[in-house]
Amino acid sequence: MRILTLAAIAALSLTAAACGKPDAQKATEEANKASTEAAAAQTAASEASSATAPTPGDAAQAAGDAAKTAADHAAKAGDAAKDAGDAAKDAAKK
């Protein structure tokens with residue numbers, strides 16, 4: 001989770017470097033998407049660690065589902081951070 005957060009911060013930094021460029025808008029949007037997905041991943045991971053249910057089997061199933069959701073959001077956050085970085089690089093070149 002920390003890696004995704006750092007990736008989002010790096011993408012935001014690249015966005016700031018490209019502030020005056022026309023593609024900065026796209027970089028900003030991607031960086032915001034990365035931050036949102038990272039937050040969703042962190043929330044899902046928190047839910048996975050605190051899953052409770054009437055039986056241990058149900059708790060394990062709930063934790064597994066929440067972990068899968070966290071992984072999906074983490075992957076989306078990583079992709080969005082990469083896209084933000086790419087867009088910021090493109091904006092900086094122009």
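Observations
- Counting only residues that are over 30 Å from Gln25 (Cα atoms), not in a loop (DSSP other than H, G, I, E, B) and not polar (S, T, N, Q), region 54-88 holds 12 of them.
- Filtered residue count, region 35-53, keeping only those that are among the β-branched types (Val, Ile, Thr) and within 21 Å of Gln25 (Cα to Cα): 1
No value in this document is a laboratory result; all are computed from the given coordinates. Keep in mind it's a predicted model, so treat the numbers as computed, not measured.
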